[in-house]
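Below is one structure, written out as structure tokens; the observations come after it.
A short reminder: the numbers here are calculations on the coordinates, not readings from a lab. Model, not experiment: these values are computed from the prediction. Every residue, glycine among them, receives a Cβ derived from its backbone with ideal geometry; neighbour counts consider all protein chains shown.
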Amino acid sequence: MRAKLSYPRSTSYLRTTWRVKLRKRNTSGLHVGEYTSNTFRDTAPGMEEKGESRELEDAPGSNDEIDRSTNHHSWDNHTSFNKYPTHEPGFENKVTFGFFMTMLGFSLSFCIAEVIPLFLITIFTVIAYDLGDGDKAIWLLVAQFIAVGSIVPFVGPLIDLIGRKSVTLLSLGLTVVSMILMGTTQNIAGMIGAMAISGIAIGIQLLTAVAAVTELVPTYKRGITIGYIVMGFMPFAPASLYGQLLAEHSWRYNALVIGVLALIALVIITIWYKPPPRPAGVGMSKRQVLARMDFVGAFLGIGGITVFLVGLNWGGQDYPWSSAHVISTLTVGLASLVAFGIWEKYGAKHPMFPWRLAVRQKRIFCTICFLCVTSGINYVPVVVFWTIQLYTVYGASFRQAGIYLLPIGFCIAGGAIISAVLMTVFKRRIQWVLLFFCIIQTAGLGSMAAIDPENIKTAWGPLIVGLIGVGGVLLPSQVVFSIISPDDLIGTSVSLSIVVRAIGQVVGVSMFYNVFKHQLTDRATNDPSLFALPALANGLTVSSPAALVPTITDLITALAAGPFSSYAYLFPGIDTPAQIAAVQLAGHNLYKGVFPLLYLIAIAWGAAACIACLFLTGLNEFINDHVAVVL
């Protein structure tokens, strides 16, 4: 094959990723096809002087002709941060004002995706109880996690095909819509719907933020770049305190704050982020782009994940594990996922998850998937249930809870930043960095089982260490996905990491909530002197013997919703400060024995993650100065 490499003389848009025209002779004549590729980076390592060309000889007898005169990494408006953009080793995008604003926009988008769950986690019980369905509180979290896990598989391949910008703007628009719904709905169904819409937006923002910023920098700088992005979250790290202070007046103000932030991010990205066309979509019409979307795979994958995770959370909560609801949803969900795998392997012309993503490094790929699952699972007890523990065991007010919850935002973000920096400094020792954070995560969460329920000061050391460990694995594990991924599949690989993490979170919520509910029910039922008798002795009124159990259950639920002094008026007879304090003390005695088991379970997942890190050998071959996208 004779390949003529022609470099254009234009200084306004020198080209780096080449349109390749293949002319293959066959029995029917000359066939012309086009595709884009940057796989020739190794073939033509240096950029020749403008106007020069050179010829490469390949195997004799080949009659393919390759014309690389077209570059698809110019800006949409034909401007560039760099006068002569190139994929040469050592090249980096210049830090101009436009580049800075692009990073700022995605940092804000990432912050919004993290702030929404942080707001929600600290007030989800308050919201559910205020809407009259305290027993559905856990579904506010689950709906969001399921939405994240369901939408991301479809979005990952989509943004690799059509680009990051339009999809990111769509997600910010969905954030605004979900916050409007959250601020106006009057029932739990509307709130669950708002959380599902916000989950779709969160999944897209987490995906596009990580994929867009990591491909703009050399591979070896992707860790510290994510650290910079996370640093933008620091002003919002006290979101738990903000949420509690707002909840003293109305939790709906949280929706207003997030909606305004989403609008700001939308404006910044609209104006300053002007990426080049995606190589996979260059030269194709909208119809051709749509034809490359795997709609069958999307239906099977999204449907399977959604139905399976719903069934997983129905089990032991709304329905018994042996019920038709649970068995049917789990069966249909698993069958859909199996069908999805078969379709992607043998049926899809353009699969959502190309097999080369996993085949390239099977061991590393599977290990990182497992780390994403474990980090998602161990995120739950130290974040979700710590909020409930503050109200029930330590009797916190809204303001106190906001202060006690501050480590969640600061420590998870701090752990992610520290881990990202260490991954860049010790770029040849990434597996040991992740192992270190898995160890401190396990140690911190395990130590939470031994804290004194009478003295909250004993919780700070284990809590801070555990949260730093969670943050040090949760986001950096996604960076490893981008490192081992081919350039054209970075979005797809990051989307897979988010899916796996979301599945881990849903599994964690289901598992820990079932254990929590079972323990709480056993303690309340087997020892009436622990809670029921003290509550009745301090004014709890029961209309009839048949109403005894429902009334006690409602009271136990109210204790977990927020400061009991805010809800005591709902229980006639519990009126005086002394009666309220007595019921709170009974709730303290009931709940304090429930939480240690949750933290002990987390040790098992943390230990498994530590072992998994030992299988991350071989990452060094992917650590270099290659930049995936030149602006």
Neighbour-limited loop hits for chymotrypsin sites (Phe, Trp or Tyr not before Pro), region 371-471 (at most 16 other Cβ within 10 Å; DSSP other than H, G, I, E, B)
Phe426
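Can you pull the Rg over Rh of region 177-237, Cα-only, Kirkwood? List each step's numbers first, then the result.
On the way: Rg = 16.0 Å, Rh = 13.6 Å.
That ratio is 1.17, to two decimals.
Can you give the FRET efficiency for Thr184 and Lys349, using 1/(1 + (r/R0)^6), R0 = 56 Å, r = Cβ-Cβ distance, to the nearest 0.05?
Working: r = 44 Å, r/R0 = 0.78.
About 0.80, to the nearest 0.05.
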Across the Cα atoms of region 524-567, what radius of gyration and what greatest pairwise Cα-Cα distance (Dmax) are found, in Å?
10.5, 29
Once phi for every residue in region 457-473 is put through the Karplus expression 6.51 cos²θ - 1.76 cosθ + 1.60 (θ = phi - 60°), the whole-Hz ³J(HN,Hα) values, with Gly and Pro written as x, are 4, 6, 8, 5, x, x, 5, 5, 4, x, 5, 4, x, 5, x, x, 10
So what are the three principal axis dimensions of region 92-140 from its Cα atoms, in whole Å, longest to shortest?
54, 16, 11
Could you give the length gained on full extension between Val542 and Met231, defined as 0.36 nm per residue of separation minus the Cα-Cα distance, in nm?
106.7 nm
Please compute the modelled spin-label separation between Arg429 and Thr96, points set 7 Å along Cα→Cβ, answer in nm with one decimal.
3.9 nm
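Diagonalise the Cα gyration tensor of region 391-478 and give the resulting equivalent ellipsoid semi-axes, square root of 5 times each eigenvalue, largest first, whole Å.
Value: 29, 14, 8 Å, ordered largest first.
In the P(r) worked out for region 294-349, what percent of Cα pairs fall beyond 15 Å? Could the numbers behind the result be given before it?
Values: 716 of 1540 pairs.
Beyond 15 Å sits 46 percent of the P(r) for region 294-349.
What per residue convex hull volume, in Å³, comes out for region 402-546 when only alpha-carbon positions are used? Walk me through the intermediate numbers first.
On the way: hull volume 24.6 nm³, N = 145.
It is 170 Å³ per residue.
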Report ³J(HN,Hα) in whole Hz for each residue of region 419-430, in order, from the Karplus equation J = 6.51 cos²θ - 1.76 cosθ + 1.60 where θ = phi - 60°; Gly and Pro get x.
5, 5, 5, 5, 5, 7, 5, 9, 5, 9, 10, 4
Taking 0.36 nm per intervening residue step and subtracting the Cα-Cα distance, what contour gain separates Lys457 from Ser565 on full extension?
36.6 nm
For a 25 Å ceiling on Cα separation, which of these pairs sit above it: Lys165/Lys221; Lys274/Lys362; Lys94/Lys165; Lys274/Lys345?
Lys274/Lys362; Lys274/Lys345
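Tell me which trypsin sites (Lys or Arg not before Pro) from region 468-548 have a DSSP coil assignment and no more than 14 other beta carbons within 10 Å of their own. Spell out each step's value before the answer.
Details: sites: Arg501, Lys517, Arg523; in loops: none.
Here no trypsin sites (Lys or Arg not before Pro) fit, given the DSSP loop and packing criteria.
Please work out the FRET efficiency for the pair Thr525 and Trp321, using the Cβ-Cβ distance as r and a Förster radius of 25 Å; give the result to the nearest 0.05. Kindly include the intermediate steps, with their values, before the conclusion.
Values: r = 19 Å, r/R0 = 0.77.
According to the calculation, E is roughly 0.85.
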